[in-house]
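Working notes, beginning with the structure itself.
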Amino acid sequence: MRLFIAISLEGAIKDSLIHLQKHWQRLGMRGHFVPSENLHLTLAFIGEYGNPDDVTDAVSTVSFQPFTIQLNGAGNFHDAYWAGITPNESLLDCVRKIRHALAERDIPYDRKKFAPHITLIRKGESPFSMDKLLENLPTSTMDVSEISLMRSNRGKNGMIYTPISIFYAES
Ligand code: 2AM
């Protein structure tokens, strides 16, 4: 099954991103807009892996304190359009610990450098340059106290993300 570890978005950050998607749509952006229930920040992408219990065991060993994430900028990678997140030390530390726990158990994951982003549009087509999309970007924050192991399935109408395990911050 296809697995990844992520922060599911909620509250002001989620609202801002939905608002930004609508704003971009009004400006004339076309493409597959990620549905609001699918908005997430990926911390580690595992991909096809048959034993989710292994992953749950590995990530359970990671302890982290609650931390805050903040929207920061936007950009595109080819036809994927995303909103950025400030790579603050608590977030980076949490990601380092998760990836280290996976590596220790030989669980494969995408080792590309972590570039915190939330994909908002796939197969996007913009009628103008990125500059226009960068106007009036939100800077909302979210307090993160849990992280999820997610399963991804291709549904009839797009991807379906289902949490398999949830890991809570130390209080
Ligand atoms: P993306 O939004 O930039 O495509 C589920 O596919 C999540 O894992 C998405 O957030 C996706 O990022 C992320 N991801 C990271 N590395 C990936 C990879 N090598 N293949 C597919 N998805 C990846």
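The values are calculated or read from the model by the stated rules, or taken from the named source; none is laboratory data. This is a predicted model, so every value here is computed, not measured. Note that each Cβ is placed from the backbone with ideal geometry, even for glycine, and that neighbours are counted across all protein chains shown. Side chains included, ligands, DNA and RNA excluded: accessible areas come from the protein's heavy atoms. Shrake-Rupley method; radii C 1.70, N 1.55, O 1.52, S 1.80 Å.
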**OP:** Cross-chain or 8 or more residues apart, Cα under 29 Å: how many lysine pairs in the chain fit that? Count them up, please.
**Re:** 18
Original post:
Among HIS40, HIS78, HIS23, which one moves the most in a GNM of the chain with springs linking Cα atoms closer than 10 Å?
Top reply: HIS78
Original post:
By how many degrees, 0 to 90 and rounded to 10, does the Cα axis of helix 89-104 deviate from the longest principal axis of the chain?
Top reply: 50 degrees
Subject >> Theoretical FRET efficiency, 1/(1+(r/R0)^6), r = Cβ-Cβ of LYS22 and ARG105, R0 45 Å, to 0.05 >> reply: 0.60
Original post:
To the nearest 10 square angstrom, how much accessible area does VAL59 have with a 1.4 angstrom probe?
Top reply: 10 Å²
**OP:** Just need the relative contact order of the stretch 1-160 here, percent rounded to a whole number, with Cα pairs under 8 Å and 6+ apart.
**Re:** 40 percent
Subject >> Value of [θ]222 nm, deg cm²/dmol, for the chain, DSSP H segments ≥ 4, -39500 (n - 2.57) each, nearest 500 >> reply: -8500 deg cm²/dmol
**OP:** With springs connecting C-alpha atoms under 10 Å apart, model the chain as a Gaussian network and identify which of GLU125, GLU48, GLU89 has the largest mean-square fluctuation.
**Re:** GLU89
**OP:** Give the calculated FRET efficiency between ILE166 and GLU135 to the nearest 0.05, with a Förster radius of 45 Å applied to their Cβ-Cβ distance.
**Re:** 0.80
Original post:
Considering amide H positions built from the backbone, and no H for Pro or chain starts, which residues 5 or more places from PHE64, or on another chain, come under 5 Å of its amide H?
Top reply: GLU170
Subject >> In Hz, Karplus ³J(HN,Hα) per residue of the stretch 121-133 (6.51, -1.76, 1.60; θ = phi - 60°; x = Gly, Pro) >> reply: 9, 10, 6, x, 10, 10, x, 8, 6, 4, 3, 5, 6
Subject >> For the chain: rounded, prolate or oblate by the Cα gyration tensor [a/c cutoff 1.5] >> reply: prolate
